[in-house]
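The values are calculated or read from the model by the stated rules, or taken from the named source; none is laboratory data. Owing to the predicted nature of the structure, the values given are computational and were not obtained by experimental measurement. Virtual Cβ from ideal backbone geometry, glycine too; neighbours counted across all protein chains shown. Accessible surface areas use protein heavy atoms only, side chains included; no ligands, DNA or RNA. Shrake-Rupley method; radii C 1.70, N 1.55, O 1.52, S 1.80 Å.
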Amino acid sequence: MADVYDVVVIGGGPAGYVAAIRAAQLGLKTACVEKWINKQDKPALGGTCLNVGCIPSKALLESTELYETARHNFFDLGINVGDVSLDVPKMISRKDQIVKDLTGGVAMLFKHNGIDWLQGEGKLLADKQVQVTDQKGKTSVVQAGNVILATGSVPIELSATPLDGDIVVDSAGALDWESVPSSVCVIGAGVIGLELGSVWRRMGSEVVLLEAQDTFLPMVDGAVAKEAKRAFEKQGLSILLSTRVMGSEVKKGQVVVSYHDSEGDHERTFDKLIVAVGRRAYTDNVCASEADVQLDERGLIHVNEYCETNVPGVFAIGDVVRGPMLAHKGSEEGVMVAERIAGEHASVNYDVMPNVIYTHPEVAWVGKTEEQVKSEGIDYQVGSFPFAASGRAKAKGDTTGLVKIIRDKSNDRVLGAHLIGPSASELLGQSVLAMEFDATVEDIAHTIHAHPTLSEAMHEAALSADGRAIHIGNRKRK
Ligand code: FAD
Ligand code: NAD
C-alpha cells in the first residue's frame, strides 16, 4: 500500500519548501519530492535560489563590492591600506559554505516540522498519485490528498551559442570560476547579466553586455533606468543595445562571439561567455499525460489567482506559473496554497510585488512606473529626492541615485516607488508596507524618519510631491 500524505510538494525551491513547511505547521502530513544534486554530488534542498541563484550571487556581490570599495573608496574615507588583493578560490569557497549552511538549514527545518523529504524525481500520475524515481532509478508511488507542483525554472539556452560548462556558461557556471577572466561577454543585459557582469567587472574583467532590445531595463521606471545605465557605464560595464547575437565558437581556450548592430557585423574574442537571456518554466516530465494538467500558451502550468490548476487538489506555484520569476513571489504563493488547503482564506497581493537588482547602486521598485501610469491615463504626481542631498549618503560617500514616488492625484495613494542608490533593496520595504496598508503619500510625509538615515530620502520624496521637501530647492505645487 502506497504511503498517504495530505500534501505532496514536487520541488524543494523557495516556493516548494516554504509551502511544505507552512502545510506541516498547519498539521497536514507533508512530503516534498526534490531531485537536486549539488556541486558536492549530494542531494540538496533550496532549489535554484539557494544553490545557484539568489544566495550565491549575493555572496559574490558582497565580496566583490567590498573589494572594490577597499580599492577605490577607502582612500577618500581617510583609510590607507596596502595592496588589496583577491583570493578568488576563497571567495568561491565562502560562497559555497553559505549555500551549504542554508540548504542544510532547510533540511533541518524539514526534520523539525516532520516533513518527509523524498529524494528523487517526482512525477504526477492520475488521481493525485506521485511517482518518485531515486538516483539509482528505483521507483515508488505515494498517494496525495493534494499536490503542489513547484518545479521552478531553468536557464533558456541559445542554439547559436551552445554551453560547454567552462568557457560558455549559464548563470550557474558563472558563479564558479576560480580565476578572473580578462574579458567576459554576457548575452542579455537583464537582471542576471547586470548582477553577474558586476561581479566579474569588480574583480577586474572587461565586461561587455550584448542586449537584443533597444531599451535598457524596460521594466524599470525610465528615470531610474537612465540613471542606472549611466552609473553602470561609468563603472566600466559596456552595454550594447539593439544587438543581435549570431553565434559563438570556442577557439584555443577563448570564445569568438559574432553579433550584428546598427554599425554592421562584428566578431570579438573573449575569455568567457555568459548566456543570460531569461529562464523558462521547468515542466519536463513533471506531469504524466493522464494527470491531465493544462499548460498555458507559454508553456507555464496554467493556474488561477489562487494557484489552482485545472485539476481539483492540484496546485502550482513559483517560477513554473505566470508572474515574475522571484523567490519571494513563489514563497508567498506556497504559503497561500498551504493555508487554502488547510481551509483558510489566504491570497497573494500581486499588485505589491517588490523587485530588486542587486548591483551597485541597487535598483529597487514596487508598483507602477511613471510610463505605466501615463499610458493608463491616471492623473498622477511624482515626488523625488536625490541621494546627493542626503546627509547620510554624503557621510557614507555613496550619493549616486534617487528616490521617486508616484501618487494618484485623486486619492493620494502610492501607485509606485522607484529607487536607485545605496541600500535601495532595504529602503524599498517602507514603500511596500505603505502600498500594502493603502497608505497615502501624506502618511509617509507625516511619518518621522530618524536622522541621519538613508530612509529620509523617501520622506523627502513624499514631501516633494507637494513641493515641500526641505533639503532640495522645490516650489510649492498647485
Ligand atoms: P526553483 O528554485 O527553480 O526550484 C525548483 C526545484 O524543483 C529545484 O530544486 C528542482 O531540482 C526541483 N525539481 C524540478 N523538477 C522536479 C521533479 N520532477 N522532481 C523533483 N524535484 C524537481 N530571485 C529573487 O527573488 N531574488 C534574487 O536575488 C534572485 N537572484 C537570482 C540569481 C540568479 C543567478 C538566478 C538564476 C535566479 C535568481 N532569482 C532571484 C530567481 C529565483 O532563484 C527564482 O525565482 C526562484 O528560485 C524560484 O523558486 P521555485 O521554487 O519556483 O523554483
Ligand atoms: P531577464 O529577462 O531579466 O533578462 C534577459 C535579457 O536578455 C533581456 O533583457 C532580453 O531582452 C535579453 N535577451 C533575450 N534574448 C536575447 C538574445 N538572443 N540576444 C541578446 N539579448 C537577449 O532574465 P535573466 O537576467 O536571465 O534572469 C532570469 C530571471 O531570474 C528573471 O526573470 C529574474 O526575475 C530572475 N532573477 C531575479 C534576480 C533578482 O531578483 N535580483 C536576479 C537574477 C535573476
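Would you mind telling me the share, in percent, of accessible area of the range 369-478 contributed by carbon and sulfur at probe 1.4 angstrom? Before the final figure, lay out each step's value.
Numbers: 2790 of 5420 Å².
Roughly 51 percent, rounded to a whole number.
Apply 1/(1 + (r/R0)^6) to the Cβ-Cβ distance of residue 179 and residue 262, taking R0 = 56 Å, and write down the FRET efficiency to the nearest 0.05. Don't skip to the answer; put the middle values down first.
Details: r = 35 Å, r/R0 = 0.63.
The calculated FRET efficiency here is 0.95.
Shape of the range 346-478 from the C-alpha gyration tensor: oblate (a/c of 1.5 or more and a/b not above b/c, with a ≥ b ≥ c the square roots of its eigenvalues). A simple count of charges around residue 152, restricted to other residues whose Cβ falls under 9 Å of its Cβ and scoring Lys, Arg +1 and Asp, Glu -1, yields 0. Farthest toward the positive end of the dipole of the range 242-289, out of 282, 254, 264, is the Cα of 282, where the dipole comes from beta carbon charges about the Cα centre. Rounded to the nearest 20, the Cβ-based charge dipole of the range 208-286 about its Cα centre (Lys and Arg +1, Asp and Glu -1) stands at 260 debye.
Of the residues 444, 417, 28, the one whose Cα sits farthest towards the positive end of the charge dipole of the chain is 444 (charges of +1 on Lys and Arg Cβ, -1 on Asp and Glu Cβ, taken about the Cα centre).
Placing +1 at every Lys and Arg Cβ and -1 at every Asp and Glu Cβ, with all other atoms neutral, what dipole size does the chain have around its Cα centre, in debye to the nearest 20?
Details: 47 positive and 64 negative charges, 177 e Å.
Here the size comes out at about 840 debye.
Restricting the GluC sites (Glu not before Pro) of the range 348-446 to loop positions (DSSP other than H, G, I, E, B) with no more than 16 neighbouring Cβ atoms within 10 Å leaves 376. Taking amide H positions as modeled 1.01 Å from N, with prolines and chain starts lacking one, the residues under 5 Å from residue 273 and 5 or more places away or on another chain are 168, 169, 185. When the Cα positions of 142, 132, 354 are compared along the charge dipole of the chain, 354 comes out farthest toward the positive end, with charges on each C-beta of Lys, Arg, Asp and Glu.
Under 1.5 on a/c is rounded, so check that first for the chain, then, if it is not, pick prolate when a/b is larger than b/c and oblate when it is not; a ≥ b ≥ c are the square roots of the alpha carbon gyration tensor eigenvalues. Taking the square roots of the gyration eigenvalues as a ≥ b ≥ c, the chain is oblate. Each part reduced to its alpha carbon centroid, the range 210-288 and the range 124-199 end up 19 Å apart.
Surface composition of the range 242-365: carbon plus sulfur atoms hold 44% of the accessible area, using a 1.4 angstrom probe and ignoring ligands, DNA and RNA. Extension gain for residue 448-residue 213 works out to 80.4 nm (0.36 nm per residue, less the C-alpha to C-alpha distance). For the chain, adding -39500 (n - 2.57) for each run of n ≥ 4 DSSP H residues and dividing by the number of residues yields -9000 deg cm²/dmol at 222 nm. Taking every protein chain into account, the accessible area of the range 1-150 amounts to 50 square angstrom per residue (probe 1.4 Å). If you sort the three axes of the alpha carbon gyration tensor as a ≥ b ≥ c, you get a/c under 1.5 for the range 169-283, which makes it rounded.
Once you reduce the range 427-478 and the range 329-398 to the center of their Cα atoms, the two points are 15 Å from each other. Ligands, DNA and RNA excluded, the heavy atoms of residue 433 present near 100 Å² of accessible surface to a 1.4 Å solvent probe.
Here's the picture: a label point sits 7 Å out from the Cα of residue 411 along the beta-carbon direction, and within the range 324-367 the residues with their amide nitrogen under 15 Å of it are 351-352.
Of the cross-linked pairs 226/272; 35/95; 95/136; 272/368; 111/138; 35/404, those separated by over 32 Å at the C-alpha level are 272/368; 35/404. For the range 34-183, the relative contact order works out to 25 percent when only alpha carbon pairs closer than 8 Å and six or more residues apart are counted.
Between residue 306 and residue 108, the modelled labels are 3.6 nm apart [label points 7 Å from Cα along Cα→Cβ]. About the centre of its Cα atoms, the range 368-410 shows a dipole size close to 280 debye [charges on the beta carbon of Lys, Arg (+1) and Asp, Glu (-1) only; nearest 20 debye].
Once the other residues with Cβ under 14 Å from the Cβ of residue 81 are scored (Lys, Arg +1; Asp, Glu -1), what is the net sum? Mind showing how you got there, number by number?
Working: positive: 71; negative: 68, 76, 83.
Summing Lys and Arg as +1 and Asp and Glu as -1 gives -2.
Label-to-label distance for residue 39 and residue 346 is 3.2 nm, based on points extended 7 Å past Cα in the beta-carbon direction.
Distance between the modelled labels on residue 87 and residue 136, one decimal in nanometres: 4.1 nm (7 Å Cα→Cβ projection). Electrostatic bookkeeping for residue 450 treats Lys and Arg as +1 and Asp and Glu as -1; over the other residues with beta carbon under 13 Å from its beta carbon, the sum is 0. For the range 363-471, the solvent-accessible area of protein heavy atoms averages 43 Å² per residue (probe radius 1.4 Å; ligands and nucleic acids excluded).
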